[in-house]
Amino acid sequence: MPLFSLFDDLLDDLSRPGMPWQVGAIAACVLIGWLSVHLVRILWRRGDGQEASRLRKRVDSVARVVAPVLVVGLLTVAKALLLKHHFHINIVKVAIPIFWSLAAIRAVFFLLRRVFTRRGQLGQAFVTFERIFVLVAWGAVALYITGLWPDIWAALDTYQLKYGPKGKDVVSLADILQGVISVAVMLMLALWAGTALEERLMGLQALHSSLRVALARVGRALLIVGSVLVSLNLVGIDLTVLSVFGGALGVGLGLGMQRIASNYVSGFIILLERSLSIGDMISVDKYAGKVTQINTRYTVLQGLDGVESVLPNEMLISGAVQNQSLSNRAVRASTRVTLAYGTDLDMAMPLLAAQAAASPRVLAEPAPGVSLSRFGPDGYELELGFWVGDPENGTGGVASDINKRIYALVAAETIKLGYPSIDFRMLDTHITSAVARITQSSPNSPLESS
């Protein structure tokens with residue numbers, strides 16, 4: 001049995017004088033590998049700022065993968081040196097696949113986290129998958145070290161499944177397992193490459209944001225489809241079998257997936273037409289806010305209150321959309337002020353416009369303006385209009401800041417607000433009428449006796 005042969009080889013090495021050399025070589029390789037990577041991490045930690053912090057995180061993630069790979073390389077060199085001096089290498093032969101598996105596990109985690117956890121924390125499902133993958137990977141390594149893997153693979157290769165017309169085509173469980181692993185590996189590499197391509201495109205400020213998103217989506221789709229086709233071809237699966245699946249997919253699109261397909265097509269139309277861009281302030285139906293994400297199936301709209309709405313892309317194509325920042329991001333807002341009659345408007349109106357111009361978020365061009373709306377019952381009703389260049393942050397804060405500045409003028413008695421005027425003669429008439437009505441309704445009331 002391979003397992004007993006492994007134990008015999010290890011016990012034989014323990015009784016030989018070359019055993020300390022093997023243990024020492026493994027310890028030296030591990031120490032050199034980890035110290036080298038740690039030194040590189042210390043060198044990359046220099047620098048301040050957000051970009052330097054982001055770079056340090058990437059270096060730390062890559063270092064976790066490079067460390068066991070470097071140890072494997074050093075162990076391979078140590079193995080050759082021990083063989084040259086006629087030492088047994090059974091312990092080194094066991095250590096090499098262990099560190100290879102450690103490197104593979106960390107590489108898989110690095111790629112998956114780069115793809116699925118870029119914008120948030122790790123979910124419970126992702127953590128559970130990592131634990132299951134670790135158990136499966138270490139189980140496969142244990143089978144390989146003990147020599148049981150070839151027997152298990154041969155047993156899987158004996159079980160064959162028939163498919164195709166009249167069952168002429170045959171595929172074994174080993175081929176299916178190999179195909180699944182190949183597709184998973186190629187798909188993971190394609191997703192990682194798509195993520196890297198998206199990050200690179202998003203950094204190109206010369207391209208329009210919608211064009212960058214469209215190229216990223218198309219590039220990721222092509223990489224995924226290409227990786228699946230290449231992996232299936234490498235395994236030896238005839239790609240003509242996929243024609244049946246393509247026909248079924250076409251029937252599904254025609255019957256039950258029309259809306260989903262329409263949303264995907266609408267998403268690409270939005271990105272290619274550039275009618276919407278990330279950061280635009282839009283209003284559609286009963287939803288209004290800033291566009292934060294444009295995906296191939298839906299668009300995320302964040303309101304000024306922080307609430308996010310997920311809108312199907314078809315809704316943005318088939319309905320009317322009010323885009324406040326399509327060609328010009330500036331938005332006009334206003335506040336109203338009532339000044340008392342007798343105020344010098346030639347002095348007050350430029351003074352009010354200056355208060356708006358002094359607000360940090362108000363644009364200098366177009367300049368704020370004041371207009372006399374009408375002669376109200378309490379005074380001159382003025383409208384102070386101004387333009388804001390960042391409507392995604394709302395206009396309520398700007399109006400509040402301007403009103404505070406106007407209040408400072410009122411407190412300093414530079415201007416006087418209009419108040420409701422009281423006509424005492426009219427008030428006396430109303431009181432007399434009210435007393436008369438009460439007297440008529442109650443002849444013996446105290447008011448009459450007095």
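Observations on the structure shown:
- Looking only at residues of segment 409-450 that are among the hydrophobic types (A, V, I, L, M, F, W, C) and modelled with pLDDT under 65, we find that the one that is nearest to PRO377 (Cα to Cα) is ILE422.
- Count of residues meeting criterion [within 30 Å of GLU392 (Cβ to Cβ), among the aliphatic types (A, V, I, L, M) and not in a helix (DSSP H, G or I)] in segment 325-373: 11
- Some residue of segment 59-79 being surrounded by fewer than 17 Cβ atoms within 10 Å (Cβ to Cβ), out of contact with any Leu (no Cβ under 6 Å at 6 or more places or on another chain) and outside any helix (DSSP H, G or I): no
- Residue tally, condition surrounded by 15 or more Cβ atoms within 10 Å (Cβ to Cβ) and over 13 Å from ILE282 (Cα atoms), over segment 304-314: 3
- Hits in segment 125-149 - residues which are part of a helix (DSSP H, G or I) and more than 20 Å from ALA104 (Cα to Cα): ALA125
- Exclusive hit being over 30 Å from TRP387 (Cα atoms), modelled with pLDDT of 85 or more and under 22 Å from the mean Cα position of the chain (by Cα), set ASN313, ASN295: ASN313
- Per the listing VAL69, VAL94, the residue uniquely among the aliphatic types (A, V, I, L, M), modelled with pLDDT of 75 or more and closer than 30 Å to GLY194 by Cα is VAL69.
- From LEU301, LEU384, residue being in contact (Cβ under 8 Å) with a residue 40 or more places away in the chain, assigned to a strand (DSSP E or B) and either touching a strand residue (DSSP E or B) at 6+ places or on another chain (Cβ under 6 Å) or surrounded by fewer than 19 Cβ atoms within 10 Å (Cβ to Cβ) (or both): LEU384
- Matching residues in segment 349-371 - criterion: being under 27 Å from ASN328 (Cα atoms) and open to solvent by 40 Å² or more (accessible area, probe 1.4 Å): PRO350, ALA354, ALA357, ALA358, PRO360, ARG361, LEU363, ALA364, GLU365, PRO366, ALA367, SER371
- Segment 322-336 residues that are at negative phi and open to solvent by 100 Å² or more (accessible area, probe 1.4 Å), paired with ones that are among the small types (Gly, Ala, Ser) and not in a strand (DSSP E or B) (beta carbon under 9 Å, 6 or more apart): LEU326/SER275; LEU326/SER277
- Restricting segment 144-154 to residues that are open to solvent by 50 Å² or more (accessible area, probe 1.4 Å) and of a type in the set (A, V, I, L, M) leaves a set whose member that is farthest from ALA95 (Cα to Cα) is ALA154.
- Any hit, segment 157-175, residues being modelled with pLDDT of 75 or more, crowded, with 16+ Cβ neighbours inside 10 Å and farther than 25 Å from VAL59 by Cβ: yes
- Tabulated pairs, segment 283-294, first farther than 21 Å from VAL213 by Cα and touching a residue at least 12 places away in the same chain (Cβ under 8 Å), second open to solvent by less than 60 Å² (accessible area, probe 1.4 Å) and part of a loop (DSSP other than H, G, I, E, B), C-beta under 9 angstrom, 6+ apart or interchain: VAL284/GLY319; ASP285/GLY319; TYR287/GLY303; ALA288/GLY303
The values are calculated or read from the model by the stated rules, or taken from the named source; none is laboratory data. No experiment lies behind these values; they were computed from the predicted model shown. Virtual Cβ from ideal backbone geometry, glycine too; neighbours counted across all protein chains shown. Note: accessible area is taken over every heavy atom of the protein model, side chains too, but ligands, DNA and RNA are not part of it. Shrake-Rupley method; radii C 1.70, N 1.55, O 1.52, S 1.80 Å.
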